[in-house]
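Before any comments, here is the structure.
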Amino acid sequence: MDYQIIDFEDKYQKEFATLNYHWIEKYFTIEDIDRESLDHPREKIYDTGGHILLAQHGDKIIGTAALIKKDNAYYELAKMSVDENFQGNGIGYKLGLAALDKAKEMGAHTVYLETNDILGPALKLYEKLGFKHIEHKPTPYCRCNVQMETSVF
């Protein structure tokens, strides 16, 4: 499968939001914190020191991964999604690797994520990327029952 990993541009905001709204609505309920970052990624992710990567096939955006800066060396991997029609092609793994490389480039020492144990394939992907389960900390997400992190320095 031919695709490339590209940096987010404002013109891709709709695709970024649509891909993520789709998977969240499929399994959970959209929360206010989702709406904030999906509807306003420039303000909520980039302007606070984060970054977004996209997987592009031809002129179609087929995957997303965001890095949200929590402090100078601590980032959250969030809003990771691959279009259902393109799953099973290693795109999520490549997006994850690219996000971890980008986090390191941005000065991160640790990347963490929040997810739910009903998302089995996602958990396996995160483990393959080197994430380890950590003790549960307070979270703004109602759906979160799993937290993981990995070192990137």
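Where a number appears in this text, it was derived from the coordinates with a stated rule and is not lab data. This is a predicted model, so every value here is computed, not measured. Note that we place each Cβ from the backbone using ideal geometry, even for glycine, and neighbour counts take in every protein chain shown.
Observations, loosely collected:
- Set K11/K70; K70/K94; K14/K79; K11/K79; K104/K128; K14/K60 screened for pairs whose C-alpha atoms are more than 21 Å apart: K11/K70; K70/K94
- Among T48, T139, T110: highest mean-square fluctuation, GNM of the chain, C-alpha pairs under 10 Å: T139
- T18 sits among other residues whose Cβ lies under 14 Å from its own Cβ, and their net charge, with Lys and Arg +1 and Asp and Glu -1, is 0.
- For the chain, calculated [θ]222 nm from helices alone, where every DSSP H run of n ≥ 4 adds -39500 (n - 2.57): -9500 deg cm²/dmol
- Using C-alpha pairs below 8 Å separated by at least 6 residues, the relative contact order for segment 4-108 is 26 percent.
- E36-K128 FRET efficiency (beta carbon distance; Förster radius 30 Å; 0.05 resolution): 0.55
- Here the dipole of the chain is about 320 debye; that uses its Cα centre as origin and unit charges on the Cβ of Lys and Arg (positive) and Asp and Glu (negative).
- Result for the chain in a Gaussian network model with C-alpha springs under 10 Å: among I118, I91, I24, the largest mean-square fluctuation is at I118.
- Note on segment 59-85 and segment 8-39: Cα centroid distance 11 Å, given to the nearest whole angstrom.
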